[in-house]
Amino acid sequence: MNMPYVFSTLTLIICTYIVNSVALTMIPSQSMLWHLEGERFELKCRLTGPSPTNDLKLLKDNGDIFTGTLSSKTNADGTVTTTLLYEKSKAELSDAGTYKCTNNNEERDMEVGVVAVTPQHGTFNPDQVTLGCEIVGAESKDYSVIWMKKNVSLTDDAKYSISNTSLSLSILKPENKDGGEYTCNFIFNHGQRNLSVPVNFYAKPHAEMKEKKSKNLAQDSTLILRCTTYGHPAPNVTWFKGDLELEPEKDTRISINGQYPNSELHIVELDFDDRGDYICEASSGHFPNSTMRATILIRIKDKLAALWPFLATVAEVIILCIIIFICEKRKSKEVEDDADGATDNAANAQDHKGKDEVRQRNVRA
Amino acid sequence: MGNSNFLEDKGGHYGIVIIIAAFMIQFLAFGIAESIGIYNIEFLDNFDTTATDVSLIGAINIGVFLGAGPVASYLMNKFGYREICLAGSVLSTVGLVCVPFAPSMHALYVFYGLFTGLGYCLAYIPSHVLSGLYFERHRSLATGVVTSGSGLGAVIFPILIQYLIEEYTWQGSFFILACLNLQACVFAALLRPLSAEKIKDSDSQLDRTKNIEQEKMLLGDKCVEDENAAALEKNGNQSHVEETTSKKLNKKWKERYSNIFGNFNFVIYFISNLLWNMGVSIIMVFGAEYFTLKGQSKVDASQLVMLFGLGTFFGGILSGALGNVRQLNRIWIYNVGTLVTGICSLIFPAEIFHSYTGFAFLCFSWGIWFGVILGLLVVVLADILSTHALGDGMGYLMFANGAGCLSGPPLAGLLVDLYGGFDSAFYLSGVVTVLACIIMIAIPIKHRCHPVMQLQVDHHITKSELVILNSAEGGNEL
């Protein structure tokens, strides 16, 4: 064989192939396509050439031939693009396989995988709760799994344990707060597809108030009670006073605000009638028989109750001060008397002299 | 001269009554002023406001309480100690009573911050100064015991207030506090003024002798005589002018002002006070938060803060007793107090102490040495200025205290924002307090340098007059 001849033939074949491969494309253009069962499934076969063609065919590895819709479009440079569109509104597991797009000259292949993921939800158990994701239609070599809760990935640690297949997540010694929506995220090795499936950890409704057992409030002040609830699905919060449900529509003083997990009850302009037990109740449709309540006793005190002791104290202090004042006056009088005493004697002596003389004068006269 | 008997010190038996009265006034004033933080959460709930605004209430109170010192001095010299103390007690009670009726935060700033703060200032300064004037030989012990009242207040009032809020709601608790506060009026009424001769006596050589001994230890013998000459010269001038009780304003205000601020020692002491107040206020403001941050529960943190008060209680008495000992120089005890307090502040961020017992130990020791500083406050002031200027000097000194208390926390807050974490606040506090100690060293240094030259320049006396004065003084020395 002549080397240059072989070489040039090969080059020609490769060039033709390359040139022609630009013409025939398959969309999406990955090597592998993953779909979730029930998703809309679409494959396109596209040929660009000088003129429209009817020759485009879509085949499956098991021999099925698919008919789709053919459409043509003229491009700016005069070539025509023919597109064969195959779509299915709901993918089925049986749709998985190798699809071939061909136009008698060449062919393109696409591997399509269809999976079905079944979430295995869990309900609260004080020892351990296991959540799982069952997958059909793919093998463990095709994907890796990451478990997440609220966009935070979970790893093997004291609280969480992920199985070898990574298809189960175990939550160890869970609390009520751990309830919520978890996701198992499948990352497929080929095909650039991620799949996120929510898995629920159902927890019974739980209500708590961070206050002490009872609270004293003054008349005319405002009552603010905060109730924190946990549970999955998010429980409904109802406020009660005794047996009566509190309705903001009926009483303008009452308002209930707050976003999950907190609920706030506001009552303004408290009066003595507002005294009693206030209850925050968390209930959930998922757990019809479990509701949880948190109670607090509210006592209303007279605003001016402590004013009377104050007035009494004012009186007491005034009396004491008067007593001290009188004592001080007496004491300073004593001191003055002592001091004056010395000078007084001298003065008296002189006085007496004068008086005696006067008396004598008077007598004489 | 030795009035070794406590009861026979200058003021006589009545001195005990003065001590009790001043103790109780400090107990009430500082107890309530330092425990106002407990109401923060109630104010936050009741008024629609922020935590910064709420903490401003306490800050205004302390600022006015200490900063209005000069005002209190002026008034008490004009109207009398007892009268002003009484006015202060009434004013502070009025402020407290109005708090439950306050419609807004601004009203609280006025009622609690201004009225009560000013009232406490007017009540505290006369009582504390008088407790110092009534004693001469035992002045240190007297003022030390009186100061420990503030420590006790800081321990008891938080517990009491918690109970009162529970029982009577926060509004009611203020009425009850006003009841307690009103008792200060009774104690104020007991503050019988000291008679004229007794105060004049203190300017005589009897007092000078004690001061001379103090100064000898501080400065070294050779400077002392010149100091005495200068002091005697000053006193000589003054006794001509001043005649009677502290009530009469014989001197013009300007003259007295320059008397006090012209005294180099006083200026140093003033700056030292400003510095350690900055440090101390930082610890008081950031302490509880720091403890909760480092893992203590809220209850534990408030208990630790109470240990500050308990330590102060014992520290006051300790310093009083130590100051009484003739052989010990009180200014040096004050220096040691500031130094160790500063060191304790610096140690707070150290990891080893970050447990309940560790913190408790640090808090208590800090409290003790802080109590030492407080207890010696008046007595060192009396050593630096003479007793007749004590009233004025106290006022200005309290102003320094107030300025320090107001500037400390914001500066620390700035550092915390810059560097994150509260450690920087404690470092600042420690550094500033140690600085307060170091700056006091300027006193012996300055006087070692040129005492004689100073004398000739300040007093325009000739060398011959100096000799005469020296010999006159020498004759009267014990």
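Every number in this text was worked out from the coordinates using simple rules, so none of it is lab data. No experiment lies behind these values; they were computed from the predicted model shown. Note that we place each Cβ from the backbone using ideal geometry, even for glycine, and neighbour counts take in every protein chain shown.
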How many lysine pairs in segment A:22-113, separated by 8 or more positions in sequence or lying on different chains, have Cα atoms less than 21 Å apart?
14
Mind sorting A:Asp109, A:Asp178 by how few other Cβ atoms lie within 10 Å of their own Cβ, fewest first?
A:Asp109, A:Asp178
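What ranking of B:Thr49, B:Thr93 emerges when the number of other C-beta atoms within 10 Å of each C-beta is taken as an exposure proxy, fewest first? It would help to have the intermediate numbers written out before the result.
Working: B:Thr49 16, B:Thr93 28.
Exposure proxy ranking, most exposed first: B:Thr49, B:Thr93.
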Counting Lys and Arg as +1 and Asp and Glu as -1 over every other residue whose Cβ sits under 14 Å from the Cβ of B:Ala123, the net charge comes to 0
Per-selection Rg to Rh, chain A - Cα, Kirkwood hydrodynamic radius:
1.56
Too long for a 22 Å Cα-Cα cut-off, among A:Lys210/A:Lys241; A:Lys204/B:Lys298; A:Lys149/A:Lys177, are A:Lys204/B:Lys298
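Which whole-number percent gives the relative contact order of segment A:206-301, counting Cα pairs below 8 Å spaced six or more residues apart?
Details: 214 pairs, mean separation 38.4, N = 96.
Rounded, it is 40 percent for segment A:206-301.
Taking only DSSP H segments of four or more residues, each worth -39500 (n - 2.57), what value at 222 nm results for chain A once the sum is divided by all its residues, to the nearest 500 deg cm²/dmol?
Values: 2 runs with 79 residues, N = 365.
One gets -8000 deg cm²/dmol as the mean residue ellipticity at 222 nm.
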Taking Cα atoms, the helix A:307-364 axis meets the longest principal axis of chain A at an angle in degrees (rounded to 10) of 30
Could you point to the residue in A:Gly231, A:His266, A:Ile296 farthest towards the positive end of segment A:226-299's charge dipole, with +1 and -1 charges on the Cβ of Lys/Arg and Asp/Glu respectively?
A:Gly231
As I understand it, the dipole of chain A uses +1 on the Cβ of Lys and Arg and -1 on the Cβ of Asp and Glu, about the Cα centre. Which of A:Leu85, A:Cys280, A:Val129 lies farthest toward its positive end?
A:Cys280
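Arrange the following residues from fewest to most other Cβ atoms within 10 Å of their Cβ: A:Ile318, B:Ile271. If you can, show how the numbers build up before the last one.
Details: A:Ile318 13, B:Ile271 16.
Least to most surrounded, the residues fall as A:Ile318, B:Ile271.
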Considering only DSSP beta bridges with both partners in segment A:116-202, what is the antiparallel share in %, to the nearest 5?
95
